[in-house]
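The values are calculated or read from the model by the stated rules, or taken from the named source; none is laboratory data. From a predicted model like this one, the values you see are computed outputs, not experimental measurements. Here the Cβ positions follow ideal geometry from the backbone for every residue, glycine too, while neighbour counts run over all protein chains shown. We work out accessible area using only protein heavy atoms, side chains counted, and drop any ligands, DNA or RNA first. Shrake-Rupley method; radii C 1.70, N 1.55, O 1.52, S 1.80 Å.
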Amino acid sequence: MTNDVWARVLDALRSALGANNFSNWIEPLQFAELAGGVATFHVPTNFIGNYVSQNFGDQIIYHLNKHGNDVQRLKFSITPTLREAPKVAPRPAVRTPFGDDVTGAPLDVRFTFNNFVVGKPNELAHAAARRVAEGGPVTFNPLFLYGGVGLGKTHLMHAIAHELKLRSPELNVLYLSAEQFMYRFITALRERKMMDFKQLFRSVDVLMVDDVQFIGGKDSTQEEFFHTFNALVDCQKQIIISADRAPGEIKDLEERIKSRLQCGLVVDLHPTDYELRLGILQSKVDVYAAQYPDVKIASGVLEFLAHRISTNVRVLEGALTRLFAFASLVGREITLELTQDCLSDVLKASDRKVTVEEIQRKVSEHYNIRLSDMIGPKRVRNYARPRQIAMYLSKQMTKRSLPEIGRRFGGRDHTTVMHGVRRIEELKALDSQIADDLELLRRALEE
Ligand code: ADP
Ligand code: MG
């Protein structure tokens with residue numbers, strides 16, 4: 001088959017499959033040869049080959065035949081140059097060592113494993129991060145870390161990068177936020193540098209994308225992310241992703257991306273508990289003590305802070321910074337009184353804290369159902385009971401009105417909420433299991 005004929009087949013496929021499918025799936029194909037009724041194509045990744053074969057195989061065969069070729073079967077083989085590129089090719093210009101590089105985001109030198117305090121809420125995420133940081137054969141891909149703000153996702157990702165770099169300096173590790181990925185992608189599109197872009201991302205050994213929830217809804221960026229992702233997984237390159245929620249709960253994220261993200265290991269960082277917060281404070285206090293040798297800290301202050309500031313670690317750190325700076329300025333010891341004066345706003349802010357969303361999350365975790373099922377329309381008992389419990393706790397623990405609560409439960413009417421609250425009040429008296437659950441949840445939420 002001549003290139004000319006192939007070009008006409010391409011035209012036919014473009015109108016048959018639509019521009020979108022065409023550019024995603026057909027354009028990456030490189031016609032190699034036609035022999036014995038088998039048409040062979042080079043593809044950048046196995047995944048693309050399989051996908052095309054399953055979804056567009058028949059169409060391709062049909063159009064090939066229509067244009068005078070006798071084709072019964074398609075064969076896809078990975079482009080040898082593409083596959084080997086990261087190992088044997090000389091470093092392309094865009095490929096620079098990370099750290100001081102222009103390609104990734106800078107790494108915070110303080111975010112190391114040494115500086116990461118491990119406790120119950122983060123032990124699994126920490127263990128997984130450690131495992132990935134050891135390098136070697138890729139066991140789970142991607143590693144997906146998720147959890148609320150300030151719980152240490154970025155810290156762990158940087159720690160992995162530092163460690164990998166230390167163990168194998170030749171590795172090309174790229175860390176960036178989803179927003180940076182998006183920005184680069186858009187810039188590449190605008191400046192017509194897509195080949196450079198693809199080359200850069202396909203040449204890394206380890207790709208880390210932080211806060212991936214931000215690509216939800218950005219369709220063309222998602223598309224490119226998906227291809228980059230598949231290309232790297234196909235070549236056994238490690239991918240590490242973080243987000244503020246589980247893959248299935250990221251808004252406006254394509255299903256196929258969600259399912260790809262779930263293929264590896266998904267671990268979450270739980271909200272901190274008292275012990276972890278105290279541990280973190282103790283470890284930070286040593287750093288401050290060195291920085292402010294003149295400042296003394298009274299016993300009980302750290303415990304007080306660990307107890308009272310339960311939002312996130314960033315706030316906890318900020319509080320400590322302020323305390324030391326203030327105490328040093330006024331030349332006083334950090335006592336409980338000084339702490340209360342100096343941090344009155346922070347302490348007040350973390351006084352109430354519980355939101356309907358947190359309650360929903362906690363309750364759905366407790367009953368092992370999905371957040372979407374709790375909020376969604378399904379009325380089966382498995383979802384309805386936890387939903388009512390969450391409504392009850394929302395009424396008890398927040399200042400939200402019944403209509404406001406209803407809105408947060410998928411736009412339900414306030415009478416539905418009222419009914420749910422009453423039902424749980426009744427059950428609480430009759431069913432000790434429910435009473436226990438309520439108590440447990442309340443304590444976990446107040447924590
Ligand atoms: P996230 O990315 O999850 O929003 P970060 O990784 O930016 O959170 O963490 C916020 C701050 O809290 C950082 O300064 C980080 O060093 C600190 N931090 C979080 N968890 C821990 C921990 N387990 N030990 C020590 N510091 C922590
Ligand atoms: Mg972060």
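Here is how the numbers come out for the structure above:
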{"quantity": "Helices (runs of 4 or more DSSP H) enclosed by segment 123-198 - at least 2 residues per element that are aliphatic (A, V, I, L, M) and open to solvent by 60 Å² or more (accessible area, probe 1.4 Å)", "calculated": "178-190"}
{"quantity": "Which numbered condition Phe226 fails, given (1) more than 16 Å from ligand 1 (Cβ to nearest atom); (2) open to solvent by less than 20 Å² (accessible area, probe 1.4 Å); (3) touching a residue at least 40 places away in the same chain (Cβ under 8 Å)", "calculated": "(3)"}
{"quantity": "Counted residues, segment 263-308 - those being among the acidic types (Asp, Glu), at pLDDT below 90 and surrounded by 13 or more Cβ atoms within 10 Å (Cβ to Cβ)", "calculated": "1"}
{"quantity": "Matching helices (runs of 4 or more DSSP H) fully within segment 283-393 where at least 2 residues are of a type in the set (Ser, Thr, Tyr)", "calculated": "313-330"}
{"quantity": "Exclusive hit being away from ligand 2 (no atom under 14 Å from the Cβ) and aliphatic (A, V, I, L, M), set Ala133, Ala105", "calculated": "Ala133"}
{"quantity": "Test set (1) open to solvent by less than 60 Å² (accessible area, probe 1.4 Å); (2) within 22 Å of Gly248 (Cα to Cα) - Arg361 fails condition number", "calculated": "(1)"}
{"quantity": "Residue match in segment 225-239 (condition: touching a Leu at 6+ places or on another chain (Cβ under 6 Å) and farther than 26 Å from Val43 by Cα)", "calculated": "no"}
{"quantity": "Yes/no for Val313 being farther than 20 Å from Leu445 by Cβ and either open to solvent by 30 Å² or more (accessible area, probe 1.4 Å) or in contact (Cβ under 8 Å) with a residue 40 or more places away in the chain (or both)", "calculated": "no"}
{"quantity": "Count of residues meeting criterion [more than 9 Å from ligand 1 (Cβ to nearest atom) and closer than 12 Å to Val212 by Cα] in segment 147-174", "calculated": "0"}
{"quantity": "Among the residues listed as Val301, Val315, Val330, the single one being within 16 Å of ligand 1 (Cβ to nearest atom) and more than 30 Å from Arg412 (Cα to Cα)", "calculated": "Val315"}
{"quantity": "Lys258 vs. criteria farther than 26 Å from Gly49 by Cβ and surrounded by fewer than 21 Cβ atoms within 10 Å (Cβ to Cβ)", "calculated": "no"}
{"quantity": "Checklist (1) hydroxyl-bearing (Ser, Thr, Tyr); (2) in contact with a Phe, Trp or Tyr (Cβ under 6 Å, 6 or more places away or on another chain); (3) within 16 Å of ligand 2 (Cβ to nearest atom) applied to Ser328, failing item", "calculated": "(3)"}
{"quantity": "Close pairs (6 angstrom Cβ cut-off, 6 or more residues apart or separate chains): within 11 Å of Thr112 (Cβ to Cβ) and more than 10 Å from ligand 2 (Cβ to nearest atom) in segment 145-169, assigned to a loop (DSSP other than H, G, I, E, B) and of a type in the set (Val, Ile, Thr) anywhere", "calculated": "Ala159/Thr112; His162/Thr112"}
{"quantity": "Cross-chain or 6+ apart pairs with Cβ under 7 Å, segment 16-40 first and open to solvent by 60 Å² or more (accessible area, probe 1.4 Å), then not charged (D, E, K, R)", "calculated": "Gln30/Phe41; Gln30/His42; Gln30/Thr79; Glu33/Thr40"}
{"quantity": "Hits in segment 394-416 - residues which are hydrophobic (A, V, I, L, M, F, W, C) and outside any helix (DSSP H, G or I)", "calculated": "Phe409"}
{"quantity": "Flag for Asp351 being acidic (Asp, Glu), at pLDDT below 90 and open to solvent by 20 Å² or more (accessible area, probe 1.4 Å)", "calculated": "yes"}
{"quantity": "Hits in segment 256-282 - residues which are over 18 Å from the mean Cα position of the chain (by Cα) and part of a helix (DSSP H, G or I)", "calculated": "Tyr274, Glu275, Leu276, Arg277, Leu278, Gly279, Ile280, Leu281, Gln282"}
{"quantity": "Tyr183, sole failed condition from (1) among the aromatic types (Phe, Trp, Tyr); (2) touching a helix residue (DSSP H, G or I) at 6+ places or on another chain (Cβ under 6 Å); (3) farther than 20 Å from Thr45 by Cα", "calculated": "(2)"}
